[in-house]
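The values are calculated or read from the model by the stated rules, or taken from the named source; none is laboratory data. Everything quoted here is computed from the prediction, not taken from an experiment. A quick note on method: Cβ atoms are made from the backbone with ideal geometry, for glycine too, and the neighbour counts reach across all protein chains shown.
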Amino acid sequence: MIYSDIIIDISHEKLDRSFQYLVPRELETEIRVGMVASIPFGNGNHIRKGYVVGLSDEPKYAVNKMKAITGLCSDEETTESRLIALASWMKENYGSTMIQALRTVLPIQEKIKAKEKRRICLNIPVEEAKKLYEELEGSRCKARARLLLALLSEEPIDYTEASQKLGTTPSVISKLTEQGVICVEHSEVYRMSVDGDEMSREAELPLSPQQEHAVSVILSEWEQPSPRPVLISGVTGSGKTQVYMKLIEQVIAQGKQAIVLIPEIALTYQTVRRFYGRFGDKVSVLNSRLSQGERYDQFKRAKRGEIQVMVGPRSALFTPFSQLGIIIIDEEHESTYKSENSPRYHARETAVKRAEMEGAKVVMGSATPSLESYSRAMSGEYALVRLEARYGERPLPKVSIVDLREELKRGNRSVLSAQLKEALEDRLNRGEQAMLFLNRRGYAGFVSCRSCGHVMKCPHCDVSLSEHNNGRLICHYCGHEERKPSKCPVCGSPYIGGFKAGTQQIEQVIQKNFPQARVLRMDYDTTRAKGSYENILSAFAEHQADVLIGTQMIVKGHDFPDVTLVGVIAADMSLNAEDYRCAERTFQLLTQAVGRSGRGRKAGEAVIQTYHPEHYSIQAAAVQDYEAFYQEEISYRTLLDYPPASHMMAVFGACPEEELLSQAMHYIERFVRKVHQGEDLHVIGPAYAAVGKVKDIYKQVLYLKHVDYSCLVDIKDKLEKYIEINSGFRKIYIQFDFS
């Protein structure tokens, strides 16, 4: 016997309420997750429709009290049913509850009240209205007369305008409406995420021969019986976006829709301008800075088929398009495509699965593809298309690597090397623009005592506090703040201060050395407000500043033709991270940074400042040699059984009680070794996570590595059941993370 879990109304805010029904024998071979089913519901057994969200061979309560499904509506497949089927796949492959998966793919859980526009119109002939006006003008009904006169001169009138400019009260409007003199028209107005008035249409640039070839190869792949996902590997400035837009044109011409994923909110501004310039109001955008009403309206427009292109970060993947034709993942290597919340899905694999379910295509692009994607392209799982030259045959920037150890020997203690300072002065004299970036936010990295070495840490999280300009120490994990001490709280030494290598400090150095320079800063602190990304980037694009200083968000995907210098203040800060991907991310970051320079007609230059000039990731980034980096890095991954050479699952445990957490993670490790005793499974840990405590919650992790992904999924399934039946885990929050 099969039992199905069914959700009655997915638009309701309580998504976590499902009901279990019997599946009749004749439907057992047909039913699947995501289907629309007819079911008896309520005391009156009214037949309603619901979505199948789960199937099981175990009843949750007495079978003799359980109602049965009356039928399957196989001809009524909806956008929601396909997304629910996707949620079921995510639950199985990434480890989460069905509720968590549903909340991910159906993010708008409650209906937001529609925004309305009201207009007042005449409801009687003009001649009759003129006579009535004359009667009212001679009486004491001055307000009605004013409204009637305005309607005679300019019909219709906006309801709000009538109230503000004419002093018309609701009672006046109601009286004239009751008499049949006027009527009030209601129309729905969308809360728009894109201001079309600010977007100008762009002339379509002709494709270069290599871009034409790339489009031709991709279209040929699409004609295959089982088209593969396509990876476009192109150097920075090679024109990947133009290829995307050409492919989207093909899809729209077929009456289908496109999702364009971008990794950062900061990229939304330029990307949307380019897509809106090409496709006009067929384009909409999603990002986390939108209000719930704005997000709801964009999903509603997508569901109604009123837009063809949705641009946005990871969450845009679940746009409810009914005729999805293509999913494009720009800068596919970015870590922001991986969810940090359960289910910890990756947008890349989830996009491929959604495309498979809906008959759509997937195209990914990057100048620095992730090792996972590139290895799949090398094995033939993905189709690989290369763009090896910049658009317009523009040269790659000239790159210099500066050894900061040598700078220190020469007595230069500034954050700017002599070479970078000289190059910056040259650009300012020539009226050109420069970008300086650092992979750190705030005014300082950490505050420490030079006498005893004590570091000021957050009392709630296992991280150091960052010093900000106002003399406050702030934790960027939980928000804890405290005043910077004048003496070391451990030894009393007055020699306590910050390791000052933050964006604010760099800004001060630039202003001190180049007082004539106009400087903009773009980091966590300057981009909190809605619209702040757009304001900063548009100001820089319009030459309201000479130098843009910022964190990683400024060097990813932006295109400023007049930037001829990029300075990397501390290139190797990410090399020492507690992550096996640190070399890969350093290479990607530096390659992307270097690629921001010289994208216009003027030659570009980049200066990379580092304490590890000989490191292979830095050397390869300087010459934009992805292949050399890949071969070096994949050899290390293979040697150590790290992805993509092997698959890895992390089991994260969190609990406010440290001893209870340690005991629980120990039992998990013992259980894993019991259910899989082969030598092909590598178990590491349990150990404390990179940040072992956040907001007084302790965190530990257990790593499992295996060449077979399905083996890890099987262990995950058994672990979930083991945790569910053991009461000792009730205070432990467990998450699974696959890579």
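Overview of values
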| read-out | value |
| --- | --- |
| The lone exception for THR638 - which of (1) assigned to a helix (DSSP H, G or I); (2) in the same structural domain as SER417 (by TED's automatic domain parsing) it fails | (2) |
| 2 or more residues closer than 30 Å to PRO343 by Cβ and at pLDDT below 85: qualifying helices (runs of 4 or more DSSP H) within the range 90-162 | 98-105 |
| Selected residue [of a type in the set (Gly, Ala, Ser) and in the same structural domain as LEU424 (by TED's automatic domain parsing)] from GLY492, GLY531 | GLY531 |
| Members of the range 417-470 found to be within 23 Å of ILE510 (Cα to Cα), part of a loop (DSSP other than H, G, I, E, B) and at pLDDT below 80, listed by number | ASN439, ARG440, ARG441, GLY442, TYR443, ALA444, GLY445, PHE446, HIS468, ASN469, ASN470 |
| Test: HIS666 is modelled with pLDDT of 95 or more and surrounded by 13 or more Cβ atoms within 10 Å (Cβ to Cβ) | yes |
| Hits in the range 34-65 (condition: farther than 26 Å from GLU92 by Cα and not β-branched (Val, Ile, Thr)) | PRO40, PHE41, GLY42, ASN43, GLY44, ASN45, HIS46, ARG48, ALA62, ASN64, LYS65 |
| Residue that is surrounded by the most Cβ atoms within 10 Å (Cβ to Cβ), among those in the range 693-713 that are in contact (Cβ under 8 Å) with a residue 24 or more places away in the chain and in a helix (DSSP H, G or I) | LEU712 |
| In the range 551-568, the residues that are over 22 Å from GLU332 (Cα atoms) and either in contact with a strand residue (DSSP E or B) (Cβ under 6 Å, 6 or more places away or on another chain) or assigned to a helix (DSSP H, G or I) (or both) | ASP562, VAL563, LEU565, VAL566, GLY567, VAL568 |
| Filtered residues of the range 39-53 (kept if closer than 21 Å to LEU106 by Cβ and either surrounded by fewer than 17 Cβ atoms within 10 Å (Cβ to Cβ) or free of Cβ contacts under 8 Å to residues at least 12 places away in the same chain (or both)) | ARG48, LYS49 |
| Which numbered condition ARG528 misses (of (1) free of Cβ contacts under 8 Å to residues at least 24 places away in the same chain; (2) closer than 27 Å to ALA650 by Cβ; (3) not β-branched (Val, Ile, Thr)) | (2) |
| Leading residue by the ranking (nearest to THR241 (Cα to Cα)) among those in the range 165-213 that are in a loop (DSSP other than H, G, I, E, B), at pLDDT 85 or above and of a type in the set (A, V, I, L, M) | LEU207 |
| Search result, residues across the range 514-538 that are modelled with pLDDT under 80 and among the hydrophobic types (A, V, I, L, M, F, W, C) | ALA529 |
| The lone exception for ARG304 - which of (1) farther than 25 Å from ILE99 by Cβ; (2) in contact (Cβ under 8 Å) with a residue 60 or more places away in the chain it fails | (2) |
